[in-house]
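Enquirer: So that we are looking at the same thing, I have put the structure below in structure tokens.
The values are calculated or read from the model by the stated rules, or taken from the named source; none is laboratory data. As the structure is a prediction and not an experimental result, all values here were calculated from the model. Glycine also receives a Cβ, built like all others from the backbone with ideal geometry; neighbour counts cover every protein chain displayed.
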Amino acid sequence: MQYQSTRGAAPRLSFAEILLEGLAPDGGLYLPASYPQWTPVQLRRMQSMDYADLAFEVLLPFVEPMPAEVLRALLRQTYTAQAFGSDAIIRLQRLDDRIGLLGVSQGPTLAFKDMAMQLLGRLFEHALAAGDAELNILGATSGDTGSAAEYAMRGRRGIRVFMLSPFGRMSPFQTAQMYSLDEPNIHNIAVQDVFDTCQDMVKAVSADLAFKRRWRIGTINSINWARVAAQVVYYFAGYLRSVRDVGEPLDVTVPSGNFGNILAAHLARGMGLPLRRLVLATNENDVLDEFLRSGVYRPRATAQTHHTSSPSMDISKASNFERYVFDMLGRDAARTRALFEDELAQRGFFDLSADPAFARMREGMVSGSSDHATRLRTIRETWQGSGVIIDPHTADGVAVARRHLEPGVPMLVVETALPAKFEATIQEAIGRSPERPRAAHDIERKPQRFVVMKPDVEALKTYIAEHC
């Protein structure tokens, strides 16, 4: 398997060569040169597999020439009942007779990000040990990526994590979960700005190739291809465990901020998984919803990015969106580069409304947005109707899913986190606090270790150099 950049000016590389990378040298994002395909016969055979074996089938074509026995061992070590609460790894729940919930938040940090991060920690450590090397992981988080990455990487040999987060914009639980870690290889940096600025700082450091190479900078955000690939697996598992026979229709709704989660669903469908429609759900920061309705992609400035009660989606610049646009433009790297390097940089937006690619996008993906009142009502109605408490981001997904139901087609909503991470909003919605895992009972009382930094790329580089 060879990987190419969405902007077409970087050499094709193997999985081993891109695993520890973030952006390609030309500023683009890596994608496989082609997607492996599964037939209905193969998918039916996969229905009886446990999660680790299913992951092996899905991921093996992406990681070759890694030895199959190495991948299988890493997957067996990752997807365990001890780490994810049960042998099933994922869970399926009915919210009503038409909407189901794909539970992927049973991991160590109670968020869907664990499904990929726990595997990436092992992949990174394996790769570094083979070359007796070190890696400094630089990432940005709006809430859940940071803790999932840090819990996956803490204490791992040869790895340091430098995680940027927007100061004061995460929930108290999310903040405590990250900042209370005291492992010496974990560095939390609270940036006095919004998530998009944190993400821009990560990209700016990654774009400085001399600095990146000197300090062995890698990324853990979903701009890292391996993380997206790992997320593809639970769409296979969710579909194959939801239908009686392969080929039955199923729509999937995905709460989305940075576009990585729904990109994984798009990739799964491109590999032959018979998902029918993908439904993208946003909060008040509805840049992606606006694009899918109008064809105009217009990221918002810091001052226009809302601080909401579903904070992990308080994002206006979706970094994985470029991969989707590249695919939908027929993998035209020159056109993709022009859109993201020229039009977006010079005009602040690009318009695909008249492009045939936009019509193709709308055939396979629809969208909607939610707001605070809607998510409170959705949490309350879901609790009253099914006895299931959902977190605010999942509530955005359920609210949008209800608008896009069609007769005879079941809907699966992807859970993003457990409600314990957003206690204040749950309390406001239903008048009670959600249950917490025992290990998280007093997490906000633990000492927190972090540094506060202005949005200054040079200051970030200095900090990294001083702590390597």
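Enquirer: If you go through segment 54-87 one residue at a time, how many are basic (Lys, Arg) and part of a loop (DSSP other than H, G, I, E, B)? Walk me through how you get there before you give the answer.
Expert: Start the filter on segment 54-87 by keeping residues that are basic (Lys, Arg), which leaves 72, 76.
Cutting the leftovers down to part of a loop (DSSP other than H, G, I, E, B) gives us none.
Matching residues across segment 54-87 total 0.
Enquirer: Take the residues in segment 77-126 that are β-branched (Val, Ile, Thr) and closer than 22 Å to residue 49 by Cα, then tell me which one is surrounded by the fewest Cβ atoms within 10 Å (Cβ to Cβ).
Expert: Restricting attention to segment 77-126, the residues satisfying the condition of being β-branched (Val, Ile, Thr) are 78, 80, 89-90, 99, 104, 109.
Filter once more, so that each one left must be closer than 22 Å to residue 49 by Cα: 78, 80, 89-90, 104.
Working: 78: 26, 80: 15, 89: 25, 90: 21, 104: 26.
The residue in question is 80.
Enquirer: Right, another one. Please return the ranges of helices (runs of 4 or more DSSP H) entirely within segment 307-373 where 3 or more residues are touching a His at 6+ places or on another chain (Cβ under 7 Å) and at pLDDT below 95. Give the steps one after another, and end with the answer.
Expert: Numbers: elements: 321-328, 333-337, 344-347, 356-364.
Filter on segment 307-373 gives an empty set.
Enquirer: While we're looking at this one, here's another question. So if I check each of 8, 27, which one is in contact with a Gly (Cβ under 9 Å, 6 or more places away or on another chain) and either in a loop (DSSP other than H, G, I, E, B) or crowded, with 16+ Cβ neighbours inside 10 Å (or both)? Let's see the steps before the verdict.
Expert: Values: 27 fails: in contact with a Gly (Cβ under 9 Å, 6 or more places away or on another chain).
That would be 8, the only listed residue that is in contact with a Gly (Cβ under 9 Å, 6 or more places away or on another chain) and either in a loop (DSSP other than H, G, I, E, B) or crowded, with 16+ Cβ neighbours inside 10 Å (or both).
Enquirer: For segment 432-468, what are the residues that are over 20 Å from residue 146 (Cα atoms), in a loop (DSSP other than H, G, I, E, B) and acidic (Asp, Glu)?
Expert: Residue satisfying the conditions is 435 alone.
Enquirer: Would you confirm whether any residue within segment 242-253 is surrounded by fewer than 24 Cβ atoms within 10 Å (Cβ to Cβ) and either of a type in the set (Ser, Thr, Tyr) or in a helix (DSSP H, G or I) (or both)? Let's see the steps before the verdict.
Expert: Here is the first cut: in segment 242-253, the ones surrounded by fewer than 24 Cβ atoms within 10 Å (Cβ to Cβ) are 242-251.
Of the ones still in play, those that are also either of a type in the set (Ser, Thr, Tyr) or in a helix (DSSP H, G or I) (or both) are 242.
Yes, the conditions are met somewhere in segment 242-253.
Enquirer: How many of the residues making up segment 378-396 are in a helix (DSSP H, G or I) and surrounded by 15 or more Cβ atoms within 10 Å (Cβ to Cβ)? Before you say what the answer is, go through the steps one by one.
Expert: Keep residues of segment 378-396 that are in a helix (DSSP H, G or I), which gives 378-386, 392-396.
Now drop any that are not surrounded by 15 or more Cβ atoms within 10 Å (Cβ to Cβ), which leaves 378-383, 386, 392-396.
Selection size over segment 378-396: 12.
Enquirer: Would you check if residue 69 is modelled with pLDDT of 95 or more, over 14 Å from residue 115 (Cα atoms), within 22 Å of the chain's Cα centre (by Cα) and among the charged types (D, E, K, R)? Break it down stepwise before answering.
Expert: Details: modelled with pLDDT of 95 or more: yes; over 14 Å from residue 115 (Cα atoms): yes; within 22 Å of the chain's Cα centre (by Cα): no; among the charged types (D, E, K, R): yes.
Here the answer is no, as residue 69 does not meet what is asked.
Enquirer: Let me ask another. Evaluate the following for residue 310: is it closer than 23 Å to residue 166 by Cα, touching a residue at least 24 places away in the same chain (Cβ under 8 Å) and crowded, with 16+ Cβ neighbours inside 10 Å? Explain how you work it out, then say what you get.
Expert: On the way: closer than 23 Å to residue 166 by Cα: yes; touching a residue at least 24 places away in the same chain (Cβ under 8 Å): yes; crowded, with 16+ Cβ neighbours inside 10 Å: yes.
So residue 310 fits the description; yes.
Enquirer: Could you list, in sequence order, the residues of segment 269-290 that are over 19 Å from residue 322 (Cβ atoms) and touching a Leu at 6+ places or on another chain (Cβ under 8 Å)?
Expert: 272, 273, 274, 275, 276
Enquirer: Please determine, by comparing only the residues of segment 13-24 that are part of a loop (DSSP other than H, G, I, E, B), among the small types (Gly, Ala, Ser) and modelled with pLDDT of 90 or more, which one is nearest to residue 71 (Cα to Cα).
Expert: Keep residues of segment 13-24 that are part of a loop (DSSP other than H, G, I, E, B), which gives 14, 19-24.
In the following step, the residues that additionally are among the small types (Gly, Ala, Ser) were identified as 14, 22, 24.
Those still in the list that are modelled with pLDDT of 90 or more too: 14, 24.
Values: 14: 16, 24: 24 Å.
My answer is 14.
Enquirer: Within the set of pairs 6 or more residues apart or between chains, which connect a residue that is surrounded by fewer than 21 Cβ atoms within 10 Å (Cβ to Cβ) inside segment 160-173 to a residue that is part of a strand (DSSP E or B) and of a type in the set (Gly, Ala, Ser) with Cβ atoms less than 6 Å apart?
Expert: That search, which allows pairs on different chains as well, returns 167/190.
Enquirer: Tell me the helices (runs of 4 or more DSSP H) entirely within segment 152-240 that contain at least 3 residues that are within 21 Å of residue 451 (Cβ to Cβ). Lay out the reasoning, then the answer.
Expert: On the way: elements: 172-179, 195-207, 209-214.
Result: 172-179, 195-207.
Enquirer: Additional query: Can you tell me which residue within segment 137-150, out of those that are among the hydroxyl-bearing types (Ser, Thr, Tyr) and either surrounded by fewer than 24 Cβ atoms within 10 Å (Cβ to Cβ) or more than 16 Å from residue 182 (Cβ to Cβ) (or both), is modelled with the highest pLDDT? It would help to see each step written out before you state the result.
Expert: Narrowing segment 137-150 to residues among the hydroxyl-bearing types (Ser, Thr, Tyr): 141-142, 145, 147.
Restricting the remaining residues to those that are either surrounded by fewer than 24 Cβ atoms within 10 Å (Cβ to Cβ) or more than 16 Å from residue 182 (Cβ to Cβ) (or both) gives 141-142, 145.
On the way: 141: 91, 142: 83, 145: 86.
My answer is 141.
Enquirer: Checking the structure you have, find out if any residue of segment 187-205 is within 16 Å of residue 104 (Cβ to Cβ), surrounded by 24 or more Cβ atoms within 10 Å (Cβ to Cβ) and within 19 Å of the chain's Cα centre (by Cα).
Expert: Restricting attention to segment 187-205, the residues satisfying the condition of being within 16 Å of residue 104 (Cβ to Cβ) are none.
No, segment 187-205 contains no residue that is within 16 Å of residue 104 (Cβ to Cβ), surrounded by 24 or more Cβ atoms within 10 Å (Cβ to Cβ) and within 19 Å of the chain's Cα centre (by Cα).
Enquirer: Here's a check for you: in segment 385-403, which residue that is in contact (Cβ under 8 Å) with a residue 24 or more places away in the chain and out of contact with any Ser or Thr (no Cβ under 7 Å at 6 or more places or on another chain) is nearest to residue 106 (Cα to Cα)? Spell out the reasoning first.
Expert: Here is the first cut: in segment 385-403, the ones in contact (Cβ under 8 Å) with a residue 24 or more places away in the chain are 385-386, 388-403.
Next, only the ones that are out of contact with any Ser or Thr (no Cβ under 7 Å at 6 or more places or on another chain) stay: 385-386, 389, 402-403.
Numbers: 385: 23, 386: 19, 389: 14, 402: 25, 403: 28 Å.
In this case the residue turns out to be 389.
Residue-wise test of (1) under 11 Å from the mean Cα position of the chain (by Cα); (2) of a type in the set (A, V, I, L, M).
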site	(1), (2)
239	no, no
245	no, no
253	no, no
257	yes, no
261	yes, no
274	no, no
292	no, yes
297	no, no
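Enquirer: Of (1) closer than 22 Å to residue 269 by Cβ; (2) under 20 Å from the mean Cα position of the chain (by Cα), residue 83 satisfies all except one. Which?
Expert: Of everything listed in (1) closer than 22 Å to residue 269 by Cβ; (2) under 20 Å from the mean Cα position of the chain (by Cα), residue 83 misses just condition (1).
Enquirer: Can you name the residue in segment 418-468 that is hydroxyl-bearing (Ser, Thr, Tyr) and at pLDDT 95 or above and is also surrounded by the most Cβ atoms within 10 Å (Cβ to Cβ) among such residues?
Expert: So the first thing to find is which residues in segment 418-468 are hydroxyl-bearing (Ser, Thr, Tyr), and the list is 425, 433, 462-463.
Next, from what is left, pick out any that are at pLDDT 95 or above: 425, 462-463.
Numbers: 425: 23, 462: 11, 463: 16.
Among residues in segment 418-468 that are hydroxyl-bearing (Ser, Thr, Tyr) and at pLDDT 95 or above, the one surrounded by the most Cβ atoms within 10 Å (Cβ to Cβ) is 425.
Enquirer: Follow-up. So which residues in segment 313-358 are out of contact with any Ser or Thr (no Cβ under 7 Å at 6 or more places or on another chain), surrounded by 19 or more Cβ atoms within 10 Å (Cβ to Cβ), under 25 Å from residue 231 (Cβ atoms) and charged (D, E, K, R), if there are any at all?
Expert: Result: 317, 327.
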